[in-house]
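Notes follow once the structure below has been shown.
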Amino acid sequence: MSELTRLSATEARQLLDSKAITSVELTEAHLERIAEVDERVHGYLHVMTDVAREQAQRADNAIQSGQAAGLTGIPVALKDILCTVDAPTTAASHILENYVSPYDATVVKKLREQNAVFLGKANTDEFAMGSSTENSAFGTTRNPWDLNRVPGGSSGGSAATVAAHEAMLSLGSDTGGSIRQPAGFCGVVGLKPTYGRVSRFGLIAFASSLDQIGPFSRTVHDAALMLNTVAGHDPRDSTSINTEVPDYTASLGYDLTGKRIGIAREYTIEGLEAGVSAAFDAAVKVLRDLGAELVDVSLPHTEYALATYYITAPAEASANLARFDGIKYGNRKEEATLQETYLRTRGEGFGPEVKRRIMLGTYALSSGYYDAYYVKAQKVRTLIKRDFDQAFEKVDAIVAPTSPTVAFPIGSRTDDPYQMYLADVFTIPANMAGIPGISIPGGLSDGLPVGLQLLGKAFDEATLLSIAHAYEQATDWHAREPARLS
Ligand code: GLN
């Protein structure tokens, strides 16, 4: 593997600016790496070779003329649920196979304006519904640490491409854990910002009250760089918040003296793998040694989070996915009547998990059940948020494992949706409460990465990044590489 693909984005930024390397060289090194390993990893659904080459050239010109900004010339991957005008956006679904959006997502536009380089569109579970990428209509992504295991999901391609050095950075989306859980499984950094921090315009909607876009990277500093670029208010997303965006890199480099970090007893459930538990205990010790004060907190409604999510998210999905009818978007299976056209288009276009969600959601929203399910879930959601509000009166952040297990073998959970849903038991509460969360490399268990999760107050990504950075600097988990692919 070329040394250029080993660089962090932060290192590459310096080398580009000092003209020691060019974006063209950096981009070619990544395209070579993709050619070398992606047949095995299958992190990409679509490699944007021509676009990337053109953007790299443009980036070099911008750097030459002194116009470099945050991610100018840095090669990135985009989850294939973010709209791009110059590549298909499929949401890993047959219904959108070959679909090209007439506009860019706001995050894509922001990257383009900085002359970042788009390597391609990364694999995902269909419409971001899943925890393993096994629900992609176009094949499962494999975990670079063990090709027989899942990379997590739904943003499995975004995590795997960064872990396998096939991209320097990537963007994913997190509705119930889809950034943090694959980051944990693939041994990289994944940040879900506060709901409203990053514009969702041009993100194909799954559950609109939960979805957030965020970065994957191999270092915390790189995640801060990406967040700097994509965060901010957007008039095209009415839920994006108009507050000041700090320079996230400025919050790095501090020690943890005086920081209060909560440990929630509800996050040490039965089913937590021994190796994950051991890594978590060791990580807590590191935080304590760095000067943090560890405080017990309680999040008593945690046990209802999963059930609440699986009413709320499918309910919203059933409404959001109504637009895929073969008339306005994507593939159409023409039949004699409109009704039959709908039935065949949706029947053949959607995969089984998407259909399951649409049915669950439609049921939860139907007259007679609406109050019992949907309204009740909204009330429980308020209680979950209140738990966090109370905890954050006492602490600056909460530390927890990202997932109860390490990456599981491909095929081991596909027959049991409930087992699959359990993979998100520690990540879902943050989405229900709208708060930010980050997963960073926090140890190994039997040679597989364990994610360490930090949850923070709304709009306080800076504190999360600061704690994550201190932990990263004191450990070397982030520097480990998946050996089998090198
Ligand atoms: N795995 C969860 C689900 O299947 C979360 C997915 C996500 O965050 N997009 O819904």
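Just to confirm a number: summing +1 for Lys and Arg and -1 for Asp and Glu over residues other than residue 35 whose beta-carbon lies under 13 angstrom from that of residue 35, what do you get? Local net charge: -4.
Between residue 333 and residue 367, the FRET efficiency estimated from the beta carbon spacing at R0 = 35 angstrom works out to 0.70. Of all aspartates and glutamates in the structure, those lying under 19 Å Cα to Cα from residue 394, and not within fewer than 8 positions of it along the same chain, are 266, 293, 296, 460, 461. Both radii are taken from the alpha-carbon atoms of the chain; with Rh as the Kirkwood radius, Rg/Rh is 0.95. Of the peptides 199-206, 77-84, the ranking by mean beta-carbon count within 10 Å, highest at the top, reads 77-84, 199-206.
Sum up the charges of everything whose Cβ sits under 10 Å from the Cβ of residue 222, counting Lys and Arg as +1 and Asp and Glu as -1, but leave residue 222 out.
Working: positive: 13, 218; negative: 11.
So the surrounding residues net to +1.
In a Debye calculation with equal point scatterers on the alpha-carbon sites of segment 137-253 and no solvent, what is log10 I(q)/I(0) at q = 0.10, 0.16 Å⁻¹? Evaluating at q = 0.10, 0.16 Å⁻¹ gives log10 I(q)/I(0) of -0.29, -0.72.
With all protein chains in place and ligands, DNA and RNA left out, the 1.4 Å accessible area ranks 28, 3, 340 as 3, 340, 28, largest first.
Tell me the Kirkwood radius of segment 350-468: reciprocal of the mean inverse pair distance over distinct alpha-carbon atoms, in Å. Show your work: numbers first, answer last.
Numbers: mean 1/r = 0.0600 Å⁻¹.
Every distinct Cα pair counted, the radius reaches 16.7 Å.
Using the Cβ of residue 293 as centre and a radius below 13 Å, the other residues enclosed give a net charge of 0, where K and R count +1 and D and E count -1.
Between residue 64 and residue 480, what's the calculated FRET efficiency when r is the beta-carbon distance and R0 is 45 Å? Round to 0.05. Walk me through the numbers on the way to the answer.
Working: r = 36 Å, r/R0 = 0.81.
Between residue 64 and residue 480 the formula returns 0.80.
Sorted by packing (mean other beta-carbon atoms within 10 Å per residue), highest first, where do 245-257, 443-455 land?
Details: 245-257: 15.8, 443-455: 23.5.
Ranking, from highest mean packing down: 443-455, 245-257.
DSSP beta bridges in the chain, what fraction antiparallel, as a percent rounded to 5?
Numbers: 29 of 45 bridges.
About 65 percent, rounded to the nearest 5.
On average over all directions, what projected area in square nanometres does segment 211-286 have, based on the convex hull of its Cα atoms? The partial results should precede the final answer.
On the way: hull surface 31.6 nm².
Convex hull of Cα atoms, orientation-averaged projection: 7.9 nm².
Here the gap between residue 39 and residue 147, fully extended at 0.36 nm per residue and compared with their Cα-Cα distance, gives a gain of 37.8 nm.
FRET efficiency for residue 322 and residue 268, Cβ-Cβ distance as r, R0 = 30 Å, nearest 0.05? Numbers along the way, then the final one.
Numbers: r = 40 Å, r/R0 = 1.34.
According to the calculation, E is roughly 0.15.
The values are calculated or read from the model by the stated rules, or taken from the named source; none is laboratory data. Keep in mind the model is a prediction, meaning the values are calculated, not measured. Positions of Cβ are backbone-derived with ideal geometry, glycine not excepted, and every protein chain shown enters the neighbour counts. The protein model used for the area step is the full one, side chains on, heavy atoms only, and it has no ligands, DNA or RNA in it. Shrake-Rupley method; radii C 1.70, N 1.55, O 1.52, S 1.80 Å.
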